[in-house]
Amino acid sequence: MQKFLLAVDKLSTRAGQLSAISVVILTALICWEVFSRYVLNNPHDWVFDLTYMLYGILFMMAGAYTLSKNGHVRGDVLYGFFTPRTQASLDLLLYFVFFIPGIVALVYAGVIFAADSVAINEHTTQTANGPPLYPYKMIIPLAGGLLLLQGFVEIVRCIICIKTGEWPKREQDVEEVDVDKLKAMVSHEDEKKGA
């Protein structure tokens, strides 16, 4: 079972990393447009449309990635003081009450939006020669499907934690720098040098 859980984590991670390329494209596109507009005096109206689409891709595809890393923000201050079993029980309840219905609705609506957009060959309306919108709308059900798959993995993790009392391992990726840990490491290194 752990191999399956980690395989889905890897899929979510790869999808998140692949969509992160949109940041590079977005940055290059904005830099090029600023140069084109202010140096060459040749602005392009469609660049605005592409920039919000690229940002939207990054935002939507980051959901499954963040969930796979247990990185979503929790609003409950008390959650960290609960035992793992209590945390898992609470998470399990919230996955079934809010997460699954919400993401199923997202996927359902996303499929309809994407199908309608493809059927009419939809383009943006911000400009007369706007770029096609249907590839962007096709990301909605894709991102929702990945998030739903990752959500099922998290439900399995909750059930395992309720049974064993410990959270199953996750695939490791980039970690945030904890300033306190960094200070402790530097202090520890200084103590070694002083001794």
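The values are calculated or read from the model by the stated rules, or taken from the named source; none is laboratory data. Just so it is clear, the model here is predicted, and its values are computed rather than measured. Heads up, the Cβs are rebuilt from the backbone with ideal geometry, glycines too, and the neighbour counts pull from every protein chain shown.
Which count do you get for residues in segment 27-73 that are farther than 30 Å from Asp91 by Cβ, part of a helix (DSSP H, G or I) and either in contact (Cβ under 8 Å) with a residue 60 or more places away in the chain or in contact with a Pro (Cβ under 6 Å, 6 or more places away or on another chain) (or both)?
Residues meeting the conditions: 6.
Count, please, the residues in segment 89-142 that happen to be touching a Gly at 6+ places or on another chain (Cβ under 7 Å) and without any contact (Cβ under 8 Å) to a residue 12 or more places away in the chain.
1
I'm trying to understand the selection: among the residues of segment 89-125, which are surrounded by fewer than 12 Cβ atoms within 10 Å (Cβ to Cβ) and either over 21 Å from Glu166 (Cα atoms) or among the charged types (D, E, K, R) (or both)?
Val97, Phe98, Pro101, Ala105, Ala119, Ile120, Asn121, Thr125
Select, from Thr66, Thr83, the only residue that is closer than 30 Å to Trp167 by Cβ and touching a His at 6+ places or on another chain (Cβ under 6 Å).
None of the others qualify; the one that does is Thr66.
For residues that are of a type in the set (S, T, N, Q) and touching a Leu at 6+ places or on another chain (Cβ under 7 Å), scanning just segment 1-39, find the one that is farthest from Lys69 (Cα to Cα).
Ser22
Given Lys10, Lys69, which one is touching a helix residue (DSSP H, G or I) at 6+ places or on another chain (Cβ under 9 Å), loosely packed, with under 14 Cβ neighbours inside 10 Å and of a type in the set (Lys, Arg)?
On inspection, the qualifying residue turns out to be Lys10.
To keep it simple, each residue is scored yes or no on (1) more than 26 Å from Ala88 (Cβ to Cβ); (2) at pLDDT 75 or above; (3) assigned to a helix (DSSP H, G or I); (4) among the polar types (S, T, N, Q).
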position	(1), (2), (3), (4)
Arg157	no, yes, yes, no
Lys163	no, yes, yes, no
Glu171	no, no, no, no
Val174	no, no, no, no
Met185	yes, no, yes, no
His188	yes, no, yes, no
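Just name the residue that is nearest to Arg14 (Cα to Cα) out of those in segment 72-88 that are in contact with a helix residue (DSSP H, G or I) (Cβ under 6 Å, 6 or more places away or on another chain) and surrounded by 14 or more Cβ atoms within 10 Å (Cβ to Cβ).
Per the stated criteria, the residue is Ala88.
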